[in-house]
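Q: There's a structure below that I have some questions on.
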Amino acid sequence: MHKNRFSRVGFILAAAGSAVGLGNIWKFPYIAGDNGGGIFVLVYLATVVLIGMSIFIAEVFLGSNAHKDAVSTFEVLAPSEKKYWKYSGFMFLTGVFILSFYSVVIGWIFNYVVIAATDLPTNVTEAQSVFMNLLKEDTFTQLFYYTLAFSVIAYTISKGVKNGIERLNNILMPALIIILLIMLVYSMRLDGFFQAIQFMFYPNVEKFHSGSVLIAVGHAFFTLSLGMATIISYAASLDKNVNIVKASMIVVIMDTLIALVAGVIIFSIIFNAGEEPGQGAGLVFITLPAIFYQIGAIGNILAIAFFIALAFAAITSAISILEPTVMYLIERRKMSRKKATYSVAVVFYVLGIFALLSNTSSFSTLLTFGNKNLFDWFDFISASILLPIGGILVAIFVGYVLDKALLRKALLPYMSETVYKIWLFSIRVLAPVAITLIMLKEIGVIKI
Ligand code: PFF
């Protein structure tokens, strides 16, 4: 085995570590609730199978075929069009923007592990003021935990694929799954459990609108870490002779199951306390902590377990966001891993500080442009614009540019001719059309 490559299980856990993150435990439950619950979940599952899974397989194929950094991957696999594909490096920029707000949220989560252990807010009003105070006034605490989070991320990457990334994922991912399973068993015994199941899986057609389909597609990309060279770069460190279709399916299934389980847990606890399923950040950082307090001693343990699980999920994702750029610098600029990691980390870190400051009351005016502060801009630019562009690029490259003989040779041992045809249709037609629609909607060109 190559000394700095993933084993098969190592790759599956690391790719799942990348996929399972804030997107699953924080975002999926509330967008599912907002968009009609069960029917949204159904549409989401369909988009994951028909579009997300296809692009995931395509990215794993690209990486494991070229065994190079993402830009070189495009160049090597289409040598005659090398001069165009060198621009695929813009995907690294997506990572810069995502990590800049993502790691700020990890800082909050670290802080909430401590709050869970020491001083949970006693009710929702207090929880609201604790959270708002952290965001707007307590810059020092935010910076402290943000720096801590960033150090863990950078240190792990500096240790390499095998000794850093694989080793950390081998510990954190099973730990995350165990914590979630224990919490699931706990939530099954609550009165709110059936209401949660109903909320998540009962097809409430009324709340569903055509835009929900696009939200589902956009989320499928974000949650599967697609469109920004992450999966390509991880797969580049995959040992040869791995069934890439099966490995991809396992990761996609794990990601989906964890999102569903997280939703059931969170809503069981929320409904059990007679609370309304709030929205976004509020659900995890405001409503949940207050409920955990009201549960008593077990609540403290649950709260600690929950925020540790969230931290594990988010850290393993953040690492995967940084790795593609680091790998690029190592391969193309011949930097040592340490030097590459710390050069990239400094840039990301500083940008993240601006995102962090843009939420504070002292700097929000200075760092707000138009109707969004920098934190929201980074989220919007990456998730709504750059990720979809990256997704289209992969789809076009694999669907139209790449030599089909190469594709058939790599994939047909692992899928039937019919499945291959469906996959290719998804890559050539379904994915590019769906992604284009998302983008046009997000930037306000079309209204659906
Ligand atoms: N998939 C992660 C989540 O669901 O939270 C976020 C993410 C990680 C997006 C890595 C993109 C990426 F490259």
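The values are calculated or read from the model by the stated rules, or taken from the named source; none is laboratory data. Just so you know, these numbers come straight off a predicted model, no measurement behind them. Note that we place each Cβ from the backbone using ideal geometry, even for glycine, and neighbour counts take in every protein chain shown.
Q: Among what's in the range 99-122 and is hydroxyl-bearing (Ser, Thr, Tyr) and away from the ligand (no atom under 16 Å from the Cβ), pick the residue that is nearest to Ala309 (Cα to Cα).
A: Taking the candidates together, the pick is Tyr112.
Q: Let me ask something else. Just one of the numbered conditions (1) within 22 Å of Met173 (Cα to Cα); (2) touching a Phe, Trp or Tyr at 6+ places or on another chain (Cβ under 7 Å); (3) not polar (S, T, N, Q) is not true of Gly36; which one?
A: Looking at each condition in turn, Gly36 falls short on (1).
Q: What are the pairs, 6+ residues apart or on separate chains, where a residue within the range 354-372 that is over 16 Å from Ile98 (Cα atoms) has its Cβ under 6 Å from a residue that is part of a strand (DSSP E or B)?
A: Qualifying pairs under 6 Å: Ser364/Asn373; Leu367/Asn373.
Q: Something else: Could you run through the range 34-47 and say how many residues are surrounded by fewer than 24 Cβ atoms within 10 Å (Cβ to Cβ), in contact with a Lys or Arg (Cβ under 9 Å, 6 or more places away or on another chain) and part of a helix (DSSP H, G or I)?
A: Qualifying residue count for the region: 2.
Q: Return the pairs, sorted by first residue and then second, in which the second residue is modelled with pLDDT of 85 or more, the first residue lies in the range 381-396 and is of a type in the set (Ser, Thr, Tyr), the beta carbons are less than 6 Å apart, and the residues are 6+ apart or on different chains.
A: Short answer, once both residue conditions are applied: Ser382/Thr94; Ser382/Phe97; Ser382/Ile98.
Q: Being closer than 22 Å to Thr360 by Cβ, within 26 Å of the chain's Cα centre (by Cα) and within 16 Å of the ligand (Cβ to nearest atom) is true for just one of Phe144, Phe222, Phe150. Which residue is that?
A: When all the criteria are applied, what remains is Phe150.
Q: Additional query: How many of the residues making up the range 278-304 are modelled with pLDDT of 90 or more, under 18 Å from Gly21 (Cα atoms) and surrounded by fewer than 19 Cβ atoms within 10 Å (Cβ to Cβ)?
A: Residues flagged as modelled with pLDDT of 90 or more, under 18 Å from Gly21 (Cα atoms) and surrounded by fewer than 19 Cβ atoms within 10 Å (Cβ to Cβ) within the range 278-304 amount to 0.
Q: Could I ask something else about it? Which condition breaks for Ile232 when tested against (1) touching a Phe, Trp or Tyr at 6+ places or on another chain (Cβ under 8 Å); (2) among the aliphatic types (A, V, I, L, M); (3) within 13 Å of the ligand (Cβ to nearest atom); (4) more than 29 Å from Ala196 (Cα to Cα)?
A: Single failed check for Ile232: (1).
Q: Is it the case, given these coordinates, that Asp69 is within 16 Å of the ligand (Cβ to nearest atom), over 25 Å from Tyr146 (Cα atoms) and charged (D, E, K, R)?
A: yes
Q: Sticking with this one: When you go through (1) at pLDDT below 90; (2) of a type outside the set (Ser, Thr, Tyr); (3) touching a Phe, Trp or Tyr at 6+ places or on another chain (Cβ under 9 Å) one by one for Ala247, which number turns out not to apply?
A: The single condition Ala247 does not satisfy is (1).
Q: Additional query: Go through the residues of the range 117-133 one by one and say whether even a single one is in contact with a Lys or Arg (Cβ under 8 Å, 6 or more places away or on another chain), in a helix (DSSP H, G or I) and either among the polar types (S, T, N, Q) or crowded, with 18+ Cβ neighbours inside 10 Å (or both).
A: no
Q: Mind listing just one residue for me: the one in the range 10-26 that is away from the ligand (no atom under 14 Å from the Cβ) and over 10 Å from Met173 (Cβ atoms) and, of those, surrounded by the most Cβ atoms within 10 Å (Cβ to Cβ)?
A: Among those that are away from the ligand (no atom under 14 Å from the Cβ) and over 10 Å from Met173 (Cβ atoms), it is Phe11.
Q: Quick check on the range 401-448: of everything there that is among the hydroxyl-bearing types (Ser, Thr, Tyr) and surrounded by 12 or more Cβ atoms within 10 Å (Cβ to Cβ), which residue is nearest to Met53 (Cα to Cα)?
A: By that ranking, first place goes to Ser426.
Q: Tell me yes or no: at least one residue of the range 79-86 is free of Cβ contacts under 8 Å to residues at least 40 places away in the same chain, touching a helix residue (DSSP H, G or I) at 6+ places or on another chain (Cβ under 8 Å) and assigned to a helix (DSSP H, G or I).
A: Scanning the range 79-86 turns up at least one residue that is free of Cβ contacts under 8 Å to residues at least 40 places away in the same chain, touching a helix residue (DSSP H, G or I) at 6+ places or on another chain (Cβ under 8 Å) and assigned to a helix (DSSP H, G or I).
Q: A further question follows. Considering only the range 279-371, give the helices (runs of 4 or more DSSP H) lying wholly within it that have at least 2 residues that are under 30 Å from Val261 (Cβ atoms), out of contact with any Ser or Thr (no Cβ under 8 Å at 6 or more places or on another chain) and within 16 Å of the ligand (Cβ to nearest atom).
A: Qualifying helices (runs of 4 or more DSSP H): 297-332.
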